[in-house]
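J.: Structure provided below as structure tokens; questions to follow.
The values are calculated or read from the model by the stated rules, or taken from the named source; none is laboratory data. Everything numeric in this text was worked out from a predicted model, so none of it was measured. Here Cβ is always computed from backbone atoms with ideal geometry, including for glycine, and neighbour counts include all displayed protein chains.
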Amino acid sequence: MEQNVLITGANSGFGRMMVDTLLASNNKVVAAMRGVEGKNQEAAQELEQAGVPVVEIDVTSDESVNSGVEAGIEKLGGLDVVVNNAGVGVAGMQEHFTIDDFRKLFEVNVYGVQRVNRAVLPHFRGQHSGLVIYISSLLGRMTLPFYGPYNASKWALEALAENYRVELSGFGVDNCIIEPGGFATSFFGNLMQPSDQSRNESYGDFMNAPAQMGEGFNEALANNPEQDPQKVADAVADLVNGKAGERPFRTVVDNMGMGDPLKGYNDQLEQVMQGVYGAFQIDGMLKLNTGS
């Protein structure tokens, strides 16, 4: 069944692949991004020339999100799915990221998602259907060094999605998380660096560790053609095209060795959730009300 989908951060990387993949499976898509008349003008024009409507959404602005979502709904003639794809990564020693650095990161990765959800959820609840997809990360389930603030933001995102899952299930609104591993996209070319460099010397030779780890990871990616970013877009399409009430809450996408262990972790957590919710006799909140 054709779905109307809004994707944030659709100008490049996973977002652009999602647009193309969802169109290929006969869905209607509106591409949301910031800088439609600025830094992303070329990407916006390419999409529009391909017949994809584009809306300006800066997820760090309430006004931009509210007006952009409203415009997207108007352009599509309705909305069934929102993909919270816009995100920012980091690289560096966690201690060296200032509070302002953390704030900037959370404005996109966490608060931005909350802004988008608050804009679309009244519409979804009103029609008693809808799907919210969160592009999280395997680093929202475990940590790796030198990605500290990013780890924290994705752990927060996972909790946000967990709560929306149970609070919206009775309204027929589905919530699903995609957890990619690391992929060779433009994401890694735009990593936020820590603002405070005054403490570098006190770390000694260990200051070389982030760059060394990055080089090793890039080499591993180059030697692993199975780690194809298209698989993330395919996972999103599977959720969009899936049946309400039958979609998995979490989907892991990784072929670098992290995915399989974390799938087991996710399965264990689901059992814990079912047990705890059952003990409190609220396990019905873990099931989507499809009205059937």
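J.: Scan the stretch 167-190 for residues that are within 17 Å of PRO229 (Cβ to Cβ) and modelled with pLDDT of 90 or more and report the count. Show your work before the answer.
T.: Here is the first cut: in the stretch 167-190, the ones within 17 Å of PRO229 (Cβ to Cβ) are 178-190.
Adding the requirement that they be modelled with pLDDT of 90 or more leaves 178-181.
Matching residues across the stretch 167-190 total 4.
Residues checked against (1) closer than 30 Å to VAL5 by Cα; (2) touching a residue at least 60 places away in the same chain (Cβ under 8 Å):
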residue: ASN218; (1), (2): no, no
residue: VAL236; (1), (2): yes, yes
residue: PRO261; (1), (2): no, no
residue: ASP267; (1), (2): yes, no
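J.: Also, quick follow-up: Can you name every residue in the stretch 12-32 that is β-branched (Val, Ile, Thr) and assigned to a helix (DSSP H, G or I)? If you could, list the steps in order and put the result at the bottom.
T.: We begin by selecting, within the stretch 12-32, every residue β-branched (Val, Ile, Thr); these are 19, 21, 29-30.
Those that are β-branched (Val, Ile, Thr) and assigned to a helix (DSSP H, G or I): VAL19, THR21.
J.: Shifting gears a bit: If I ask for residues that are over 14 Å from the mean Cα position of the chain (by Cα), under 24 Å from PRO145 (Cα atoms) and polar (S, T, N, Q), which ones from the stretch 214-261 would you list?
T.: Listed by number, the residues that qualify are ASN218, ASN223, ASN224, GLN227, ASN255.
J.: Conditions: (1) buried (at least 23 other Cβ atoms within 10 Å of the Cβ); (2) aliphatic (A, V, I, L, M); (3) over 19 Å from GLN127 (Cβ atoms). VAL36 meets all but one. Number of the miss?
T.: Among (1) buried (at least 23 other Cβ atoms within 10 Å of the Cβ); (2) aliphatic (A, V, I, L, M); (3) over 19 Å from GLN127 (Cβ atoms), the lone unmet condition for VAL36 is (1).
J.: Now, a different point. Tell me, which residue of the stretch 12-24 that is at pLDDT 95 or above and over 13 Å from VAL232 (Cα atoms) is surrounded by the fewest Cβ atoms within 10 Å (Cβ to Cβ)?
T.: ALA24
J.: Quickly run through the stretch 238-259 and pick out the residues that are touching a Ser or Thr at 6+ places or on another chain (Cβ under 9 Å), touching a residue at least 24 places away in the same chain (Cβ under 8 Å) and within 16 Å of MET17 (Cβ to Cβ).
T.: Correct list: LEU239, VAL240, ASN241.
J.: With (1) surrounded by fewer than 19 Cβ atoms within 10 Å (Cβ to Cβ); (2) within 30 Å of TYR203 (Cα to Cα); (3) out of contact with any helix residue (DSSP H, G or I) (no Cβ under 7 Å at 6 or more places or on another chain) as the list, and VAL108 as the residue in question, which single condition is left unmet?
T.: Checking VAL108 against (1) surrounded by fewer than 19 Cβ atoms within 10 Å (Cβ to Cβ); (2) within 30 Å of TYR203 (Cα to Cα); (3) out of contact with any helix residue (DSSP H, G or I) (no Cβ under 7 Å at 6 or more places or on another chain), the one that fails is (1).
J.: All but one of (1) under 22 Å from PHE97 (Cβ atoms); (2) surrounded by fewer than 22 Cβ atoms within 10 Å (Cβ to Cβ) hold for GLU162, so report the exception by its number.
T.: Answer for GLU162: the failing condition is (1).
J.: Can you pull out every residue in the stretch 105-144 that is of a type in the set (Lys, Arg) and under 21 Å from ALA235 (Cβ atoms)?
T.: Looking only at the stretch 105-144, we keep the residues that are of a type in the set (Lys, Arg), and these are 115, 118, 125, 141.
Matches in the stretch 105-144: ARG141 only.
J.: Right, another one. For VAL52, work out the one condition from (1) more than 24 Å from PRO180 (Cβ to Cβ); (2) among the aliphatic types (A, V, I, L, M); (3) over 17 Å from the mean Cα position of the chain (by Cα) it doesn't fulfil.
T.: The one condition VAL52 does not meet is (1).
J.: Among the residues of the stretch 254-265, are any at pLDDT 95 or above and closer than 30 Å to GLN127 by Cβ?
T.: Checked the stretch 254-265: no residue is at pLDDT 95 or above and closer than 30 Å to GLN127 by Cβ.
J.: A follow-up question, please. What is the number of the single condition among (1) modelled with pLDDT of 95 or more; (2) outside any helix (DSSP H, G or I) that ASN163 does not meet?
T.: (2)
J.: Name the single residue that is surrounded by the fewest Cβ atoms within 10 Å (Cβ to Cβ) among those in the stretch 1-10 being touching a Lys or Arg at 6+ places or on another chain (Cβ under 8 Å) and assigned to a loop (DSSP other than H, G, I, E, B).
T.: Within the stretch 1-10, the first condition is being touching a Lys or Arg at 6+ places or on another chain (Cβ under 8 Å), and the residues that meet it are 2-5, 10.
Filter once more, so that each one left must be assigned to a loop (DSSP other than H, G, I, E, B): 2-3, 10.
Working: GLU2: 10, GLN3: 19, ALA10: 30.
Only one residue tops the list, namely GLU2.
J.: Hey, among LEU168, LEU121, LEU157, LEU144, which residue is within 23 Å of VAL252 (Cβ to Cβ), surrounded by fewer than 21 Cβ atoms within 10 Å (Cβ to Cβ) and not hydroxyl-bearing (Ser, Thr, Tyr)?
T.: Numbers: LEU168 fails: surrounded by fewer than 21 Cβ atoms within 10 Å (Cβ to Cβ); LEU121 fails: within 23 Å of VAL252 (Cβ to Cβ); LEU157 fails: surrounded by fewer than 21 Cβ atoms within 10 Å (Cβ to Cβ).
Checking each option against the conditions leaves just LEU144.
J.: Which one is farthest from SER137 (Cα to Cα) among residues in the stretch 33-64 that are in contact with a Gly (Cβ under 6 Å, 6 or more places away or on another chain) and among the aliphatic types (A, V, I, L, M)?
T.: VAL55
J.: Going by the structure shown, is TYR134 without any contact (Cβ under 8 Å) to a residue 60 or more places away in the chain and not in a helix (DSSP H, G or I)? Lay out the reasoning, then the answer.
T.: Values: without any contact (Cβ under 8 Å) to a residue 60 or more places away in the chain: yes; not in a helix (DSSP H, G or I): yes.
Considered against the rule, which asks whether it is without any contact (Cβ under 8 Å) to a residue 60 or more places away in the chain and not in a helix (DSSP H, G or I), TYR134 comes out as yes.
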